[in-house]
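Take a look at the structure below.
The values are calculated or read from the model by the stated rules, or taken from the named source; none is laboratory data. Being a predicted model, the structure only gives us computed values, none of them experimental. Methodologically, a virtual Cβ is constructed for each residue, glycine included, from the backbone with ideal geometry; neighbour enumeration extends over all protein chains shown.
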Amino acid sequence: MRTVVILIGLIAITGCVRDPIPVYPRTSVDESFAIINRRNAEIQTVQGQAEIVLTDAAGRSVRLDGAFVMRPPNEMRVRAWKLGQAVFDLTLNPDGVYQFVGRDEARQSMPATRKVLEHWMTMLFGDVGRAGSQIRDDPQHIRATTQLAGETQEVRTFDRPTLTQRSVDLMDATGKRRFLMEMDQYQVLGGNVWPMRVRAVSDDGLITIRFQSVDLNVPLAPNAFKPPSRAERVP
C-alpha cells in the first residue's frame with residue numbers, strides 16, 4: 001500500500017514539472033536580438049485567461065477575471081468582469097481603439113489600462129535592437145537604451161541566459177521614470193516562451209496581469225477583434 005502511495009505521489013509531482021526555459025550560449029548582441037525577434041515572429045495568435053488587478057494612485061485595488069486574445073502586430077481584445085458582471089471590454093485593431101466600460105469604478109483606470117496594453121503589444125512583438133540604441137551587455141543582462149520622439153528615453157532589459165525580456169522603462173528628460181513594465185514567470189508554451197505575469201507602474205497606479213492559462217498559435221474566432229456594439233471609439 002505504501003508503495004502505491006509513493007508511486008501516486010511521484011506521478012503527481014512529475015505531472016507538475018514544467019519544461020525549463022531554454023538557456024542560450026553566449027553570442028553577440030546582434031545574434032541574441034535576432035533570436036528574440038525570430039521567437040517573437042513565431043507567435044501568430046494568443047488566447048488566454050488571467051487575473052487582472054487594477055490599483056489606482058491612492059492604493060485602491062479591484063481584482064477582475066479577464067480573457068485575452070491577440071494577433072500581432074496590432075490586434076488585441078481584453079474582456080474583464082467581476083462576479084459575472086462585465087467591467088470593461090477593450091479592443092485594439094487597425095481601425096483604432098474601442099472601449100466599453102460596464103462599471104463606473106473602472107472608468108478612471110481605463111486610460112492607464114489602454115496605455116499598458118498598447119505598450120505591451122509593442123514590447124512583446126515589436127523588433128528589438130533598434131538602430132542607434134546604446135547597448136550595455138553583461139553576463140546577466142542586455143540593456144538597450146533608445147531615444148524616442150521628444151525627450152522620452154526607453155530602456156529595455158533582457159535576461160542574458162534565456163534571452164527573455166524582463167522590463168521596459170520610459171524616462172523623461174530629467175531622468176524620472178514615467179512608466180515601468182515588468183515581465184516574469186516565463187513558461188515554455190508550444191515551443192515558445194511567454195510571461196505569465198506582467199506588471200505596469202505609472203503615475204496613474206499599478207496594473208498586474210497574472211495569466212492562468214495561455215494558448216499560442218491557435219485558431220481564433222472570425223469576430224475575435226470586433227468590438228461590441230456598445231463600445232465607443234477612443235480618440
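The table that follows gives values for the structure above.
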| item | result |
| --- | --- |
| Close pairs (8 angstrom Cβ cut-off, 6 or more residues apart or separate chains): more than 27 Å from Val218 (Cα to Cα) and of a type in the set (D, E, K, R) in segment 178-207, modelled with pLDDT under 95 and part of a strand (DSSP E or B) anywhere | Arg178/Leu170; Arg178/Met171; Arg178/Ser202; Asp203/Arg178; Asp204/Asp56 |
| Asp104 being closer than 22 Å to Arg71 by Cα, of a type outside the set (Gly, Ala, Ser) and surrounded by fewer than 17 Cβ atoms within 10 Å (Cβ to Cβ) | no |
| Residue match in segment 134-150 (condition: farther than 30 Å from Ser229 by Cβ, hydroxyl-bearing (Ser, Thr, Tyr) and surrounded by fewer than 18 Cβ atoms within 10 Å (Cβ to Cβ)) | yes |
| Enumeration of residues in segment 207-235 that are surrounded by fewer than 19 Cβ atoms within 10 Å (Cβ to Cβ), at pLDDT below 95 and assigned to a strand (DSSP E or B) | Glu232, Arg233, Val234 |
| Selection from segment 184-228 of residues that are in contact with a helix residue (DSSP H, G or I) (Cβ under 8 Å, 6 or more places away or on another chain) and of a type in the set (A, V, I, L, M, F, W, C) | Val193, Val198, Ala200, Ile207 |
| Any chance Arg18 is more than 17 Å from the chain's Cα centre (by Cα) and without any contact (Cβ under 8 Å) to a residue 60 or more places away in the chain | no |
| Residue among Arg38, Arg18, Arg26 that is loosely packed, with under 13 Cβ neighbours inside 10 Å and either among the polar types (S, T, N, Q) or assigned to a helix (DSSP H, G or I) (or both) | Arg38 |
| Residue in segment 60-67 that is acidic (Asp, Glu), touching a residue at least 24 places away in the same chain (Cβ under 8 Å), in contact with a strand residue (DSSP E or B) (Cβ under 6 Å, 6 or more places away or on another chain) and within 27 Å of Leu220 (Cα to Cα) present | no |
| Single match in Val193, Val188, Val201 (criterion: in a strand (DSSP E or B), at pLDDT 95 or above and surrounded by 17 or more Cβ atoms within 10 Å (Cβ to Cβ)) | Val193 |
| Residues that are over 28 Å from Asn40 (Cα atoms), in contact with a Leu (Cβ under 8 Å, 6 or more places away or on another chain), not in a loop (DSSP other than H, G, I, E, B) and not hydrophobic (A, V, I, L, M, F, W, C), drawn from segment 64-110 | Lys82 |
| Residue in segment 115-127 that is closer than 24 Å to Pro73 by Cβ and assigned to a loop (DSSP other than H, G, I, E, B) present | yes |
